[in-house]
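A short worksheet on the structure shown next.
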Amino acid sequence: MRSAAGSRTGHTASWSLCLVRSSPAVREGRRALLALALRPEASALEQFFAQVPPKSGLAFVVVQHLDPTEKSLLPELLQRVTAMRVHEAADMMRIEPDCVYVIPPNAEISVVDGVLKAEKPVQPRGMRLPINVLFSSLAREEGECSIGVILSGMGSDGTLGLQSVKALGGLTVVQEPQSAQFDSMPKSAIAAGCADIVAPPAQLPARILAYIARASGTAAAEAPTVEPLDESAEDPLQRIFELLRKRSGHDFSHYKPNSVRRRIERRMAIHAIASLEKYQDFLRDNTQEGDLLFKELLIGVTSFFRDSAVWRQLSDVTLPELLARQAEAHDLRAWIVGCSTGEEAFSLAIVFAEVLERLPQYRGRSLQIFASDLSADAIAFARSAQYPASIHTDVSPDRLKRFFNAHTGHFRVNKSIRDMVLFAQHDVILDPPFTKLDLVSCRNLMIYFDSDLQSRLLPLFHYSLRLGGVLLLGGAESVGRFNRLFSPIDAKLRVYLRQDNVSHGAHDFQVKSFPPLSKPSKDHPLPLSRTPVQTGENLQVAADHMLLQVYTPPAVVVNNEGDIVYLSGRTGKYLEPAAGKANWNFHAMIREGLRSPLASALTEAAGQREPVELRSLRVEGPGGVQLVDVTVQALVEPAALQGMVMVVFRDVVSQARRGSRKAQREVDAAREVDLQQYLGEIHALREETRASREELQAANEELQSTNEELQSTNEELTTSKEEMQSMNEELQTINAEMQTKLDDLALAQGDLKNLLNSTDIAMLFLDKDLNVRRYTDRALKIFNLRERDIGRPLSDLTTSLRYPTLKEDVLETLRTLVFSEKQILTSDSRWYSVRIMAYRTLDDVIDGAVITFVDITGTKELESKLRTDSPHS
């Protein structure tokens, strides 16, 4: 029977198996999904299903590459090896536990809202990728609760879908290639780096079931359970970060803790490790696990022209304004931070090319795009500029024709667009930033960073941009409290303009890093490289800075309001911070003796081009009374300083010292010694500059040679053919679309709002600090609430409830996670059933409490009446 089935298909087929967990123990009713792909050899399926318990609580969806004209015999074959019911899948068939569903011929199957959706394939025969289709729907539907498995089979169908499952936090499992009759599909998945578990098919069910049990907290008593990560596990967690830093050279301690912990817990569940300390030991002894955890923590989700409204805004407004605003002396420069596999960088290049075609007056201008990412694999993929045929859903046919070269099963970005983009592996946390930029795009990257790192990156982007530069953020990001650095061009689309002449302190860009970076000082406020080699330009700036500090008098630059915008030299003898709230106004900080004459001089200097000279002003400083000459000069050039005034201080030698030749000689001798010392330091700096320039020239020559080799390699890349027997030769990229998730979230919020408004039940939502988060209109009859009470503590609210232990009961519910329900009387003689439950996020994190109040006054009155009317009462 099996051989007959194989002969009827007439080609090598592959399978995909999707398991749906219906147990409510998993994420409180969310399904845990698993997907596999294998050749139609009965042995792999038999070995797998022979180890699956009949009452596992899972549902299996099997996808096979079928001849569209032949009926599949697979349901009958599988029914012989399993006690579960085997069905041929049909459109809108609801998935039930402990059942097997087999794909029908000439169909593609996906999972949507707990039902199977079977549709006719869009692609012609030979180009169909049903396993990728299944895995893609699986990842979108279940996210981190999805599980994908690749078994024996030819070709590479399923690899990209498995990557989609892994990108969203699901489990990925692959059959050991040595145990597979056809190892192309397992090898393809392993080579792509998306295999969490690799084992023979007979061992896979136990590994999968154990993972589900550990992840859901329902492991058997004899099996070790994964201890949840909490704040007490800080030291092991920090040691894990340290191991990652030593292994990869990158710091993850500033990533959001919840995201990092979920990924670590997932790796612990995969390896059946019970505690964080044991996983730390496992990570230290297993270098491959360090690489896998590093890749696990990098989340790369992107697509061409994601958020179409943003690209329309760039095309219609931002890029034309940048071309018009920036001088012709330089071409535009852009930086794509966290470019992943390069789709966003190429999208920007295409939009810029279209703008130049639409605006002929700018035809001679060009755009240099620097695209950087932490992942070396993502950068290598982006440099190939080769994308699967599925990008036609994101890229219009006109753009595909003009900017891509079509090949069998894939598209490649043409050379004119590729030449506009330079890809580089770069750590935005540790490495020095790109500078002199006109556009910085950092979309949906900072959402994975904590607030401390976000507060350091935004000033860094401000420093990297030129005057009039533009910052582009993701839909879930904003500049927050740095609205003095960036003003919104389009707040809804997160497009911001760099604010100029903004004083925001030194550029303290460094964060906790490995290897340790030099901490910024007063003389070196800008970020230093991780390498000890400094360029000649940096040394020249340092030397110039030293000379200014030593040989130029102290000076202050103030704006037209008297606020200090720049200090040079030691100004402590003339300026003193005023007591009270910090105030950087010049008039508030100037010492007595200088305040009145300088106020008049500032007014006089603002109305003329000549400087105002003040001679021998007496000022009382730390060393006593001192005579000082002051020059007040209005600034005209450069343009950035127009409207500001510079105040220069010069000490005057006292009359007694003027009359003393000996004292003068001592001063001259001391100055000569200092001068010789500084000249020696300058000579040493010049020698270091010369040596650094020679090293830089050699490094540049090596880099140029390497770039030429890379360019030659990129030009020689061609499409590799898959094995002749495979029905699926090329990869089809499955990218999760962030916009879809945002639309779903907006819809869910609308549904929630309508649901709350439509219920006649009083509900009060509290955050984890027991502050009011949200409430329904009915709650106004119980609590004295107004809109401005959002964020107020529960204990501050006045209520008609006679429930003095309400706060304690809420805290007890949050501690035990066991809901509380009591019948409470109000001051106006009404009865309410008060139910307290823990508030759980979609990530299964306890983030507050929900209190519902159901009016049971009628029930209580009826109960009282029945008791009164009862003859036995």
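Couple of notes before you dig in:
- Cα Rg over Rh - the stretch 275-430, Kirkwood: 1.08
- Share of pairwise Cα separations in the stretch 260-338, more than 20 Å, in percent: 57 percent
- Convex hull projection area averaged over all views, the stretch 399-493, Cα basis, nm²: 8.4 nm²
- Of all DSSP bridge pairs formed entirely within the stretch 399-500, close to 70 percent run antiparallel.
- Estimated translational D of the stretch 88-207 in µm²/s (Stokes, Kirkwood radius over Cα pairs; 20 °C; 1.002 mPa s): 145 µm²/s
- Pairs from K246/K295; K781/K822; K807/K865 whose Cα-Cα separation, in the structure shown, is over 23 Å: K807/K865
- Each label was represented as a point 7 Å from its Cα along the Cα-to-Cβ direction; for V652 and S487 these points are 4.4 nm apart.
- Remark: C-alpha extents of the stretch 159-200 on the principal axes read 30, 16, 12 Å, sorted largest to smallest.
- Computed from the Cβ-Cβ distance with R0 of 56 Å, the FRET efficiency linking A424 to K807 stands at 0.55.
- Kirkwood estimate for the stretch 755-852, i.e. one over the average of 1/r between Cα atoms, Å: 13.7 Å
- A simple spin-label model places the labels of S705 and Q823 8.9 nm from each other, with each point 7 Å out along Cα-to-Cβ.
- Environment charge at G193 (Cβ cut-off 11 Å; Lys +1, Arg +1, Asp -1, Glu -1): -2
- For L332, the residues whose amide H sits under 5 Å from its own are S366, Q368, ignoring neighbours fewer than 5 places away on the same chain, with H placed 1.01 Å from N.
- Extreme residue, positive dipole direction of the stretch 289-404, given options L298, F403, G338 (C-beta unit charges): F403
- If you take the Cα centroid of the stretch 780-845 and the Cα centroid of the stretch 283-317, the two points sit 41 Å apart.
- Mean Cβ count within 10 Å, highest first, over the residues of peptides 337-347, 475-485: 337-347, 475-485
- In units of the rule-of-thumb radius 2.2 N^0.38 Å, the stretch 563-615 shows an alpha carbon radius of gyration of 1.22.
- For the stretch 586-640, a simple Cβ point-charge model (Lys and Arg +1, Asp and Glu -1, everything else neutral) yields a dipole of about 140 debye relative to the Cα centre.
- Residues A309 and S384, FRET efficiency given R0 of 30 Å [Cβ-Cβ distance, rounded to 0.05]: 0.55
- Two-decimal log10 I(q)/I(0) for the stretch 308-370, as the Debye equation yields it once each C-alpha is a single scatterer, q = 0.27 Å⁻¹: -1.32
None of the figures in this text is laboratory data; all of them are computed from the coordinates on show. Owing to the predicted nature of the structure, the values given are computational and were not obtained by experimental measurement. Cβ: placed from backbone, ideal geometry, glycine included. Neighbour counts: every protein chain shown.
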